[in-house]
Amino acid sequence: MKDNPYLLFNNEILDRRADLRDHWEVDSCVKKNDGLNIIFFEGAPLLSTQNEQSNLAYLFYNHWLLKYANLSIFLGLYKGRRLYAHDLFRKGKGTGNKNTKEYFEEKIQKDPSMVRSYFGNLRTDLTNIPEDDSTLAGTGRALIEWNLNNIHCSRCGLSLILLNYGWEKRCENCNKNYFPRIDPVVIILITSGNKTLLGRSHQFPEKLYSCLAGFIEPGETIEMAAKREIQEEVGLKISNIEFVANQPWPFPSSLMIGLKANTDEQSLNINHKELEDAVWIRKKELQYLLEGKYKHMQAARPGTIARHLLESWVRGTI
């Protein structure tokens, strides 16, 4: 375990500057080369590797890759410089008959300045890039996916126009405005004495166990959602619900709300439509699990809020 549990996507390093989202203001700065650009292809950020360390690849305004961008978003100011996220064409535009990803990868490898660049998987590479980069990549990815998933008006079906450089859309027919949304999720560390409950979802990677979680439904408070989810998934009644931490999660756009709760019950009634498995584990056993000493189980990855909750409980800080 790390000495201090950390959370990815949580660094407060981006000055969002909503007052600079006007298209004319942003475009005039782009032409002055006053900014940095990060690139995404199918949700994967462009990374560069030096000395076995992966970082976001920051490109200047005249880089050849930018001519393939089908969507550009002004993220804000990073270290005083304007930062833009761009999504590349996903369906072969300008790439001839080649597979689009292969086309970009081939051109990147032929560029002497980019031979160590590649499109990384933000989920699997998230612990290999600096924390600042994970925050910027997470913000860029979430906004790109929101834009690409909101093309038509939900009221009349006509195409939406882009406003505020990627932070708003509008239907010119019925004048309905759209803004980036987030989906709030409760994730709960449940304890009973010196034991905590770990669950395994059907879609988890092999051997992975984590804290139980679920989406907040309309009309619910955070506490109500936590109680309902745990009752639905394992049949337990929880109490003493406390907020611990939260984390934006750009897959595609959740806000993970980390909680700690207690229960006097230990008999589980697992809802197998929701969970593949759930087990109680003692604090010492959890420490071994976090240290990677169990071959049959794996804990949530470092940088996730589930890992943060588990490590904090083992240390006695929550």
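The values are calculated or read from the model by the stated rules, or taken from the named source; none is laboratory data. This structure is a prediction, so every number in the text was calculated from the model and none was measured. Heads up, the Cβs are rebuilt from the backbone with ideal geometry, glycines too, and the neighbour counts pull from every protein chain shown.
Summary table below
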item: The lone exception for Trp249 - which of (1) farther than 23 Å from Leu7 by Cα; (2) modelled with pLDDT of 95 or more; (3) in contact with a Phe, Trp or Tyr (Cβ under 9 Å, 6 or more places away or on another chain) it fails; result: (1)
item: 3 or more residues of a type in the set (A, V, I, L, M) and either in contact with a strand residue (DSSP E or B) (Cβ under 6 Å, 6 or more places away or on another chain) or modelled with pLDDT of 80 or more (or both): qualifying strands (runs of 3 or more DSSP E) within the range 27-125; result: 35-41, 44-50, 69-78, 81-88
item: Of all residues making up the range 212-240, the number that are surrounded by 20 or more Cβ atoms within 10 Å (Cβ to Cβ) and either of a type in the set (Val, Ile, Thr) or under 26 Å from Tyr6 (Cβ atoms) (or both); result: 8
item: Tally of residues being within 20 Å of Tyr178 (Cα to Cα) and among the polar types (S, T, N, Q) across the range 115-157; result: 5
item: Residue within the range 96-110 that is surrounded by fewer than 18 Cβ atoms within 10 Å (Cβ to Cβ) and closer than 30 Å to Tyr178 by Cβ present; result: yes
item: Test: residue in the range 139-161 that is part of a strand (DSSP E or B) and among the hydrophobic types (A, V, I, L, M, F, W, C); result: yes
item: Boolean, Gly193 is exposed (fewer than 13 other Cβ atoms within 10 Å of the Cβ) and modelled with pLDDT of 95 or more; result: yes
item: Test for Arg301: is it within 24 Å of Asn10 (Cβ to Cβ) and assigned to a loop (DSSP other than H, G, I, E, B); result: yes
item: Candidates His152, His202, filtered to the one that is within 30 Å of Arg228 (Cβ to Cβ) and modelled with pLDDT of 95 or more; result: His202
item: Residue tally, condition under 22 Å from Pro252 (Cα atoms) and not in a loop (DSSP other than H, G, I, E, B), over the range 162-198; result: 16
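Per-residue answers, yes or no, for (1) assigned by TED's automatic domain parsing to the domain that holds Asn37; (2) within 18 Å of the chain's Cα centre (by Cα); (3) of a type outside the set (Asp, Glu):
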position: Ile161; (1), (2), (3): no, no, yes
position: Asn164; (1), (2), (3): no, no, yes
position: Glu172; (1), (2), (3): no, no, no
position: Asn177; (1), (2), (3): no, no, yes
position: Ile187; (1), (2), (3): no, yes, yes
position: Ile190; (1), (2), (3): no, no, yes
position: Lys195; (1), (2), (3): no, no, yes
position: Arg200; (1), (2), (3): no, no, yes
